[in-house]
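Remarks on the structure that follows.
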Amino acid sequence: MRGYDLTERGKIIIAVILVTLIFVIPALVLAVNAWNNTPETPEDPPQTETPEDPQSGISNGPLPDGSGFTPVETPKPENGEQGSFDPPLDPPEEMPVPEFGPVGIDQSAGTMSFMYAPDMQESLDGDTISMMGEFVSSPKNTAESQIIVELPDLSDDETSVLINAIADAFAQHDVVRDVLSYVVSPADSNERIFEVNLSFTQSTTMK
């Protein structure tokens with residue numbers, strides 16, 4: 001047989017066919033496999049509405065007026081009103097005891113006492129002077145009686161001021177100085193508020 005010699009053109013055609021077989025065919029095979037292996041996306045299941053049970057009485061819609069479920073706001077107390085949780089008011093403070101003034105009187109026995117503060121007073125206070133009016137109306141106050149004034153032991157100046165204050169207070173009740181007799185009693189030097197005592201005595205018993 002006579003042999004055939006390939007021309008240059010034939011060699012090129014054979015090379016193109018070989019390249020096509022080597023690259024194109026495997027690519028097609030891979031593409032087909034990838035297409036077959038792609039998972040299908042599941043469709044969303046259809047949503048079904050649950051029919052309302054007319055016997056249950058429960059509805060998803062808005063409540064009708066007057067259904068009893070309308071919220072009620074709690075009224076707030078107005079300004080100045082005290083609520084049930086307001087703290088109790090503080091008890092009223094006790095009135096302070098006066099540092100000087102009348103202490104007591106026994107009209108039938110003809111005695112009286114009051115407190116005197118030489119550092120704060122140069123005359124007797126109004127309540128003491130008023131109580132002296134009750135004192136002189138005692139049945140012990142007779143034409144022959146005198147008034148004994150028991151004074152604390154003060155300095156000479158303080159004693160003079162107190163004697164004048166007592167005499168001026170009795171003068172407002174028409175009691176003259178001549179019927180007043182003064183007696184000094186010991187007093188605590190650390191105290192600056194002293195008790196003064198008044199009493200009636202008959203002149204016939206006085207020395």
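The values are calculated or read from the model by the stated rules, or taken from the named source; none is laboratory data. Every value quoted in this text rests on a predicted model; they were computed, and no experiment measured them. Reconstructed Cβ throughout: ideal geometry from the backbone, glycine too, with neighbour counts over all protein chains shown.
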Out of (1) of a type in the set (G, A, S); (2) over 51 Å from the mean Cα position of the chain (by Cα); (3) modelled with pLDDT under 95, the one S155 does not meet is (2)
Examine region 145-154 for a residue that is within 14 Å of L180 (Cβ to Cβ) and part of a loop (DSSP other than H, G, I, E, B), and state whether such a residue exists. no
Is it the case that some residue within region 186-196 is farther than 15 Å from P102 by Cα and either of a type in the set (S, T, Y) or part of a strand (DSSP E or B) (or both)? yes
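I'm trying to understand the selection: among the residues of region 155-173, which are assigned to a loop (DSSP other than H, G, I, E, B) and free of Cβ contacts under 8 Å to residues at least 12 places away in the same chain? Quick ask: steps written out before the conclusion?
First pass over region 155-173, keeping only residues assigned to a loop (DSSP other than H, G, I, E, B): 155, 172-173.
S155, the sole residue that qualifies.
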I'd like the full set of residues that are modelled with pLDDT of 95 or more, under 52 Å from the mean Cα position of the chain (by Cα) and of a type in the set (A, V, I, L, M), limited to region 163-195. I163, A165, I166, A169
S199 fails exactly one of the following numbered conditions: (1) surrounded by 18 or more Cβ atoms within 10 Å (Cβ to Cβ); (2) of a type in the set (S, T, N, Q); (3) not in a strand (DSSP E or B). What is the number of that condition? (3)
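Answer yes or no as to whether A143 is modelled with pLDDT of 95 or more, of a type in the set (G, A, S) and more than 52 Å from the chain's Cα centre (by Cα). Give the derivation first.
Working: modelled with pLDDT of 95 or more: no; of a type in the set (G, A, S): yes; more than 52 Å from the chain's Cα centre (by Cα): yes.
Against the criterion (modelled with pLDDT of 95 or more, of a type in the set (G, A, S) and more than 52 Å from the chain's Cα centre (by Cα)), A143 does not qualify.
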Does S130 satisfy being of a type in the set (G, A, S) and either over 19 Å from F100 (Cβ atoms) or assigned to a helix (DSSP H, G or I) (or both)? yes
